[in-house]
Amino acid sequence: MIAISEMSFRYKSRSPVLDNLTFNMEAGGVYGILGANGVGKTTLLHLIGGLLFPKSGQISVDGHTPRFRSPAFLEQVFYVPVDFDLPPIKVGVYQKRYAPFYPKFNLEVWNNALQAFGIQPDMRLQALSFGQRKKVLLSFALASGCRILLFDEPTDGLDIPSKDSFRRLLSAQIDEQRLAVITTHHVHDVAMLLDHLIILQEHRLLLQASIADLAGNIRTVTSSQLPPENSLLYSERVPGGYHCLLRNTEAQEGPLDLELLFKALQIHPEIVQNTLRYEKQV
């Protein structure tokens, strides 16, 4: 559904923000994109959404070239940015004004999402907090009927119950015809949603793998003592012992802490080469 081939991007004369990326994202999945600040996560979403253009290489999104932003493309892609402005109108008026741009907009999903987030249609957007406005925009995205949903830090500004509502609402909307892409620094907020993981490092692709594949190769344990070195990939001290990333030598799917995996890969990227089945750009 999203095909990226040998794509690079830079801002004017700066060094590359994204360098020679090649990977695919298929319908029916929720992809998480992780990386340190400034590695190009938001830029990647802008490129997929046609808000920026590659300096080299190609992007195809559901058969469309994003940079042309054709009406058919815009009907199928919805982007929720970190920072956004909404017009000073009532929530219900916002829906009536903008829903016609999305032919598959689902009013029932919209109403259910607003209810789950505790938002009333007669509320004025200008009177809402940032978190409440975020709930309105997330509700609209989920109801848009778009096949491709792009979320940049979607849980920023949400309280704990609202994060849970977002997870449940998004899970209900992803089927074999739709795709969600999430960038985040708050891995634990969305870990249960993800079935594919992409990690960027130094503006290049370090890891692309399914969560099932990862869990089949590695697992996470917390122990009072360090496990044997032949199984230990990475560890960090925690109260009462160690939080450890281990080789899953028995090939039994077990718990996997994605934040711990991310930390391990930043320090020891050779873990990717030696332990995981993956696609890596060099």
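The values are calculated or read from the model by the stated rules, or taken from the named source; none is laboratory data. Please read these numbers as outputs of a predicted model, since none were measured by experiment. Every residue, glycine among them, receives a Cβ derived from its backbone with ideal geometry; neighbour counts consider all protein chains shown.
In region 42-60, the residues that are of a type in the set (Val, Ile, Thr) reach residues that are part of a helix (DSSP H, G or I) and buried (at least 19 other Cβ atoms within 10 Å of the Cβ) with C-beta atoms within less than 7 angstrom, at least six apart or across chains, in these pairs: Ile48/Pro66; Ile59/Leu47; Ile59/Ile48; Ile59/Pro66. Count of region 187-245 residues, restricted to those that are of a type in the set (Val, Ile, Thr) and closer than 21 Å to Leu150 by Cβ, is 5. Summed over region 213-236, the residues that are assigned to a helix (DSSP H, G or I) and over 17 Å from Pro269 (Cβ atoms) give a count of 3. Scanning region 49-69 for residues that are assigned to a loop (DSSP other than H, G, I, E, B) and farther than 17 Å from Arg10 by Cβ yields Gly49, Gly50, Asp62, Gly63, Thr65, Arg69. Can you find a residue in region 32-48 that is touching a strand residue (DSSP E or B) at 6+ places or on another chain (Cβ under 6 Å), assigned to a strand (DSSP E or B) and either more than 24 Å from Leu265 (Cα to Cα) or not β-branched (Val, Ile, Thr) (or both)? Yes. Being out of contact with any Leu (no Cβ under 8 Å at 6 or more places or on another chain) and not charged (D, E, K, R) holds for only one residue in Val30, Val61, Val39, and it is Val61. The residue that is surrounded by the fewest Cβ atoms within 10 Å (Cβ to Cβ), among those in region 216-259 that are of a type in the set (A, V, I, L, M) and more than 23 Å from His188 (Cβ to Cβ), is Ala251.
Within region 20-51, being surrounded by fewer than 20 Cβ atoms within 10 Å (Cβ to Cβ) and more than 27 Å from Ala191 (Cβ to Cβ) holds for Asn20, Leu51.
The strands (runs of 3 or more DSSP E) found entirely in region 118-212 that carry 1 or more residues being among the small types (Gly, Ala, Ser) and modelled with pLDDT of 95 or more are 179-183. Is it true that some residue in region 112-120 is exposed (fewer than 15 other Cβ atoms within 10 Å of the Cβ) and either aliphatic (A, V, I, L, M) or within 16 Å of Ile174 (Cα to Cα) (or both)? The answer is no, given that none of the residues of region 112-120 is exposed (fewer than 15 other Cβ atoms within 10 Å of the Cβ) and either aliphatic (A, V, I, L, M) or within 16 Å of Ile174 (Cα to Cα) (or both).
For region 71-90, the candidate set comprises residues that are part of a loop (DSSP other than H, G, I, E, B) and in contact with a Cys (Cβ under 8 Å, 6 or more places away or on another chain); within that set, the residue that is nearest to Met1 (Cα to Cα) is Gln76.
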